[in-house]
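These notes concern the structure reproduced below.
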Amino acid sequence: MELSRILTQALAELIAPTTAAIALAAIGLNLHFGFTGLLNMGQAGFMLLGAYGFGIATISGAPFWLALLISLAAGALFALILGAPTLQLRGDYLAIVTISAAEIIRMLGRATVFQEYTGGAAGLTGGSFKSTFQELSFLPAPPERGAFGPLEYVFTGSDSWWTRLFAWAVVLIAVVFVWLLTRSPWGRVLKGIREDEDAVRALGKNVFSYKMQALVLGGMCGSLAGMLYVLPRSVAPDAMGRSLTFFAWTVLLLGGAATLFGPVLGSMLFYAVYMLLRAGMREGLEGVVSATMVEQIGGLLVGVTLMLLVIFRPQGILGNKKELAFDAR
Amino acid sequence: MPDETTENKVTEVSDVPEATDVPESTVEALDTVERSDTEAAKAAEHVLAAVEPTVGVSKPDPILVVDDVQRRFGGMTAVDVDHLEVQRGVITALIGPNGAGKTTFFNLLTGFDKPNQGSWAFEGKPLGGVSAAKVARNGMVRTFQLTKALSRLTVLQNMLLAAMGNPGENLFGSLVKPLWAGTEKKNTEKALEILARFKLDAKKDDFAGSLSGGQRKLLEMARALMTDPTMIMLDEPMAGVNPALVQSLLHHIQALRDDGMTVLFVEHDMHAVRHISDWVVVMAEGKIVAEGPPKSVMQDQAVVDAYLGAHHDTDLGDDSLLDPAVLARLEAEEEKR
Ligand SMILES: Nc1ncnc2c1ncn2[C@@H]1O[C@H](COP(=O)(O)OP(=O)(O)OP(=O)(O)O)[C@@H](O)[C@H]1O
Ligand SMILES: [Mg+2]
């Protein structure tokens with residue numbers, strides 16, 4: 001039956017590696033925006049940089065964990081460079097700088113000058129950088145397949161159980177890390193900065209340093225998310241542009257900023273519903289709209305959802321309405 | 001979560017022990033405030049009695065020395081202070097009409113604004129160009145005229161945030177709870193004790209954003225005390241606080257001095273100033289126009305001129321100035337000139 005196929009597709013999205021990757025990117029944004037009040041509008045730039053870092057390092061022969069560290073370091077460095085001139089200024093400047101810096105990363109990735117490393121507009125093909133990751137797998141080697149309910153994948157490979165297991169394990173670690181951080185006095189300083197940085201300054205805290213720490217940590221989540229994002233596909237600069245940033249924002253606001261599980265719940269819900277809509281349109285409106293139009297309408301609906309969320313439920317699903325009520329900014 | 005968070009009234013009025021009859025107005029409230037006659041209060045009075053009441057006079061033991069500080073906004077000079085010394089361990093009031101430059105002066109001293117020229121030293125340490133956070137860590141802590149409650153933190157979290165030297169505020173330290181759990185517990189005890197003094201202990205788990213304007217003023221002052229300052233600078237601490245609480249607030253401010261803290265506060269209420277301050281500095285149009293003990297400085301012609309326009313021989317500390325009829329007469333007289 002068609003319906004059960006559509007539902008299975010939506011179910012598959014709940015645990016897809018891409019869902020985990022965007023959840024992690026949103027966890028990073030949550031550290032930025034939810035806890036510190038920083039507006040990072042270029043999370044896709046961090047992701048792309050992380051993907052390049054991992055891919056290029058692996059291709060040049062780095063072992064898996066070193067490539068992962070390089071991916072993290074790329075995100076941290078990008079955060080330092082963007083934060084140094086802007087975190088002293090009013091919040092809007094960071095938003096403008098991150099949005100354009102992410103575009104610059106994408107343009108540089110596409111540019112022919114660095115084609116030798118980045119593969120230009122075509123990017124890095126999946127096969128070129130995934131072998132170290134798949135060798136790490138302790139699950140049965142391909143072509144062994146495994147089924148869990150209606151979902152069936154190869155154990156080890158690109159779109160595999162191993163990729164899913166790894167991606168969600170990383171997300172779990174990130175959630176625990178954020179939990180440890182945000183329940184601590186360190187997290188309280190971040191929240192104070194989010195509310196009024198002058199008040200925190202007047203209490204003797206080095207606001208710039210805290211904002212930088214948050215930007216770097218969230219950026220590292222972003223670059224690691226970029227690595228997860230490309231594990232089941234290739235590194236393609238144009239697939240990691242502004243719209244990916246807005247996906248991450250939608251996920252964060254849907255789940256609830258400044259909550260622990262908001263990004264994870266938001267990502268699962270977002271991708272499941274997004275798939276349901278597109279698959280539903282493909283089946284239901286077959287012959288009326290073409291497949292490309294379904295994608296376009298889907299993208300449009302994401303934009304509308306983001307707007308409606310901000311207007312009608314700014315606290316998201318898990319957020320506390322009361323907390324938001326006296327946000328007088 | 002208590003559900004009365006939206007309730008915006010000060011429910012603590014009846015808890016003020018000294019107030020058997022809740023005072024109707026500030027004047028009445030102040031009449032019941034006694035100048036504290038502790039050792040510290042007497043010492044402050046005694047040491048300042050020997051100081052000549054002239055602008056820029058040097059004090060026996062200054063904690064803060066300001067030299068030639070100027071701040072211009074466009075063509076307008078908001079602050080232009082030649083020399084000012086603030087005596088350690090006393091309550092100094094900084095008064096002056098609206099727009100005199102008091103807040104700007106506070107901003108300069110605490111690193112929230114940069115002067116066009118000038119220098120100042122706190123406990124002998126030059127603080128010009130030092131960041132606001134470092135100024136606070138040096139022990140000079142201020143509050144804001146427009147209160148800055150951290151709305152989406154609870155009252156208690158606001159307090160805990162202010163404590164200095166918490167190892168859990170370090171990124172790596174924060175991950176290991178045993179490193180900071182003890183400090184946190186000690187700070188919580190201290191915070192609750194201070195909150196009780198300000199009658200905010202019942203609100204400790206409410207979001208600071210749900211407090212009333214006056215309660216936020218109190219919270220900000222309580223929060224500043226959490227930092228254990230050497231000198232506390234209060235910008236209009238009494239504004240918007242109800243009369244019964246003003247009374248206990250004044251007691252608290254005197255208690256701070258009695259504990260050895262230096263207090264510099266901006267206040268428009270002359271009666272509050274007269275009751276608790278040991279020394280008064282008067283600013284007008286960016287300049288310091290007079291300083292001296294509260295009783296005499298309010299009769300100073302320059303001060304009366306600054307407030308009421310020239311040629312009045314009224315004492316600013318006179319209660320009759322609170323009477324609208326008298327004020328209206330003075331204004332009418334001023335217009336006739
Ligand atoms: N950021 C600014 N830009 C331009 N002018 C300013 C700025 N801040 C203050 N001023 C001006 O400086 C003067 C002094 O202002 P300030 O706030 O220090 O006065 P104040 O003595 O605190 O007054 P009040 O008693 O009303 O609080 C005012 O004329 C004000 O307009
Ligand atoms: Mg002012």
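The values are calculated or read from the model by the stated rules, or taken from the named source; none is laboratory data. Everything numeric in this text was worked out from a predicted model, so none of it was measured. Methodologically, a virtual Cβ is constructed for each residue, glycine included, from the backbone with ideal geometry; neighbour enumeration extends over all protein chains shown.
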### Query
Considering only residues of the range A:234-258 that are of a type in the set (S, T, Y) and surrounded by 22 or more Cβ atoms within 10 Å (Cβ to Cβ), which is farthest from A:S158 (Cα to Cα)?
A:T250
#### Entry: Selection from the range B:203-223 of residues that are under 25 Å from B:N166 (Cα atoms) and in a helix (DSSP H, G or I)
B:K203, B:A208, B:G209, B:R216, B:K217, B:L218, B:L219, B:E220, B:M221, B:A222, B:R223
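Determine which member of the set A:G42, A:G37, A:G28 is within 23 Å of A:F261 (Cα to Cα), touching a residue at least 40 places away in the same chain (Cβ under 8 Å), in contact with a Pro (Cβ under 9 Å, 6 or more places away or on another chain) and small (G, A, S).
Result: A:G28 is the single residue among A:G42, A:G37, A:G28 that is within 23 Å of A:F261 (Cα to Cα), touching a residue at least 40 places away in the same chain (Cβ under 8 Å), in contact with a Pro (Cβ under 9 Å, 6 or more places away or on another chain) and small (G, A, S).
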### Task
Just give me the residues in the range B:173-207 being free of Cβ contacts under 8 Å to residues at least 24 places away in the same chain and within 9 Å of chain A (Cβ to nearest Cβ), in sequence order.
B:G173, B:S174, B:L175, B:V176, B:K177, B:W180, B:T183
#### Entry: Residues within the range B:114-129 that are free of Cβ contacts under 8 Å to residues at least 12 places away in the same chain and either within 13 Å of chain A (Cβ to nearest Cβ) or outside any loop (DSSP other than H, G, I, E, B) (or both), tallied
1
### Message
Between a residue in the range B:97-109 that is more than 14 Å from chain A (Cβ to nearest Cβ) and any residue that is in a helix (DSSP H, G or I) and more than 8 Å from ligand 2 (Cβ to nearest atom), which pairs come within a Cβ distance under 7 Å, given they are 6 or more apart or on different chains?
### Response
B:P97/B:A306; B:P97/B:Y307
## Note on the structure
Note on the range B:118-154: residues within 16 Å of ligand 1 (Cβ to nearest atom) and of a type in the set (S, T, Y) are B:T143, B:T147
## Note on the structure
Among the residues of the range A:58-88, the number that are closer than 22 Å to A:G123 by Cβ and not in a helix (DSSP H, G or I) is 3
### Task
Answer yes or no: is there a residue in the range B:203-217 that is within 12 Å of the chain's Cα centre (by Cα) and closer than 17 Å to B:V141 by Cβ.
yes
### Message
If the requirement is being more than 11 Å from chain A (Cβ to nearest Cβ) and in a loop (DSSP other than H, G, I, E, B), which of these qualifies: B:G240, B:G165?
### Response
B:G240
### Query
Give me the pairs: first residue in the range A:308-327 and modelled with pLDDT under 70, second residue β-branched (V, I, T), beta-carbon distance under 9 Å, and six or more apart or on different chains, which are they?
A:K322/B:T5; A:K322/B:T6; A:A325/B:T6
### Message
Give all pairs with beta carbons closer than 7 Å in which a residue from the range B:130-149 that is more than 8 Å from every other protein chain (Cβ to nearest Cβ) and assigned to a loop (DSSP other than H, G, I, E, B) meets a residue that is of a type in the set (K, R) and within 16 Å of ligand 1 (Cβ to nearest atom); count only pairs at least 6 apart in sequence or on separate chains.
### Response
B:T147/B:K217
### Message
Among the residues in the range B:218-227, are any crowded, with 23+ Cβ neighbours inside 10 Å, more than 25 Å from B:A40 (Cβ to Cβ) and touching a residue at least 24 places away in the same chain (Cβ under 8 Å)?
### Response
yes
### Task
For the range A:180-265, please list each of the helices (runs of 4 or more DSSP H) lying entirely inside it that holds at least 2 residues being more than 8 Å from every other protein chain (Cβ to nearest Cβ).
A:185-195, A:207-230, A:242-255
### Message
Criterion first (small (G, A, S) and within 16 Å of ligand 2 (Cβ to nearest atom)) does B:A181 satisfy it?
### Response
no
### Task
Could you tell me which of the residues B:T54, B:T77, B:T92 is touching an Asp or Glu at 6+ places or on another chain (Cβ under 9 Å), within 16 Å of ligand 1 (Cβ to nearest atom), under 14 Å from B:G292 (Cβ atoms) and touching a residue at least 24 places away in the same chain (Cβ under 8 Å)?
B:T92
### Query
Can you tell me which residues in the range B:228-252 are closer than 21 Å to B:F105 by Cα and away from ligand 1 (no atom under 16 Å from the Cβ)?
B:P229, B:T230, B:M231, B:I232
### Filtered residues of the range B:95-111 (kept if near ligand 1 (Cβ under 7 Å from one of its atoms) and part of a helix (DSSP H, G or I))
B:K102, B:T103, B:T104, B:F105
